[in-house]
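The values are calculated or read from the model by the stated rules, or taken from the named source; none is laboratory data. If you're wondering where the values come from, they're calculated on a predicted model, not measured in any experiment. All Cβ positions, even for glycine, are placed from backbone atoms using ideal geometry, and neighbour counts span all protein chains on display.
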Amino acid sequence: MDTTTHNIMVSYISPPDWYNDVYYVFNYTICIMQFFGFAINLIHFSILSRPQMRSNAIYRLMIGICSCDLLTQINTFLIFSPFWIRDSSKKEEKCYMTHTYFDALLYLHGTTVLDITQRAASWMALFMALYRTLSVMFPLNLKIQKLSKPIFAIWTIIGVLIFTSLTTWMVQARRIIREYEWDYDCNKNEIPLNTTRYGVLIPKEDAEIQSRLVSIYGFIKALPSLIDPILTVFLILELRRASKRRKNCGKCEEDKTDNTTKLVMFVTISFFMLEVPNGFSHIVNGFFQNNVPVRTVSVMIPVFAEILPILNSSSHFFICFLMSSQYRETARALFRLKNDKCIMVKECRFTESHHSVMQVKKI
C-alpha cells in the first residue's frame, strides 16, 4: 500500500461517532419506504402508458420521469440496502471505510446510473414546465405549439438522457477501484485486514482537475432547482391572466388547460428541493478539497437526502390523480373502478286487442 493511497483515505472524511449507527438505521428506513415508492410508481407507470395518455406530450414526459424514478428506486435500494447486499457479518466491518469488491463495484457503477436517472428526471420536469409555459404564453405561435406535440416529447427525453449521461461521465470516469490491506476499526485505530478489501477513489494525478469538474457538475445539478421557481412564477401569473380572460368573456367554468398547467406546476415544485443537497455537496467538494470537516458535512447531507427522491417520485401519482380528470378516468378504467351506466328497459306486452297493438307501435 503506497502512501498516496493511504493519505487519500485518511483525509477524505471524518464522520462523527454517531454516524455509523444512524446510517445503519437510516438504511433500513429508506429500504422499507422504497418498497412502497416502487409500488406507487409501477401503478403510476401503468396508467401513463395507456394509449389515451401517450397521445399527450405532457404525459409522455411524465412517462420518462416515471421511468427514471423507477430506475432510481432500484439503484438506491442496491446501493443503500443493509439486507442481502451488504457484507456486514462482523460487527467491526460496519466501521470500515473499505468494501468487498462486489460492494465497491456496485457503488462505483450504481451511483453513476443513479446520478443519470435522478438528473434526467429533474431536467425532464424542467423542460415540461418550460414547454407548458411557452405554449400558454404564445398560443398562436405555430413554432411554439410544435413543442406540445407528442413526438417532440420523445426527442426531449432522448436529448436529456444523452446530456445527463455525458455530464455524469465527466466526473465519474476518473474514479477507480483500488485494493486495501488495512482499514480503521470503530475506535478509528488503523488495523490490518485479513483479506483484501477495496475502495473507490480518485488517483492523485487527477485530483486537481477532478475538483474543478465536480464544482461544475454541482452547478449543473443545482441548475434545475434554480430555474424551477422562475418557471413556477410564470405559470402562476399565466393562470391568473387566463382566469381574468374567462371573467371578461363571461365564462365561470375552469378551462381544462388550466388544470394541465397546474399539474405541471405542482410537479415542478416537487422537484425544487430535490437537487439542492446533491448540488451543494459537489460544489463544496470541489472548492474545499482539503477541508476535512466541511467535506464530511457535504458527504453526509446528500446521503440522508436520498429520502427526497422517494418522497418526490411517490407524490407524482397523487398530484396527477388530483389535478387531471383524464388521469382519473384512465385509472378507473384500468382498475375497473368506473361504474357501468345503468340502462332502463321497458317491457311492452302485446294484448289481444288490435287497438292495443297499434298503440304500442306508435310508442
Mind checking whether some residue in segment 12-19 is at pLDDT 70 or above and under 30 Å from Lys149 (Cα atoms)?
no
Exactly one of these conditions fails for Arg197: (1) of a type in the set (D, E, K, R); (2) touching a Ser or Thr at 6+ places or on another chain (Cβ under 7 Å); (3) without any contact (Cβ under 8 Å) to a residue 24 or more places away in the chain. Give me its number.
(3)
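Please return the ranges of helices (runs of 4 or more DSSP H) entirely within segment 89-172 where 1 or more residues are crowded, with 21+ Cβ neighbours inside 10 Å and not acidic (Asp, Glu). If you could, list the steps in order and put the result at the bottom.
Numbers: elements: 101-137, 142-145, 150-172.
So the answer is 101-137, 150-172.
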Looking across segment 25-55 at residues that are within 16 Å of Ser67 (Cβ to Cβ) and aliphatic (A, V, I, L, M), the single one that is modelled with the lowest pLDDT is Met53
The one condition Trp182 fails out of (1) part of a strand (DSSP E or B); (2) crowded, with 19+ Cβ neighbours inside 10 Å; (3) of a type in the set (Phe, Trp, Tyr) is (2)
Of everything in segment 58-73 that's β-branched (Val, Ile, Thr) and modelled with pLDDT of 90 or more, which residue is farthest from the chain's Cα centre (by Cα)?
Ile63
Checked Ile209, Ile220, Ile236 against criteria (at pLDDT 70 or above and under 30 Å from Phe38 (Cα atoms)); the one match is Ile220
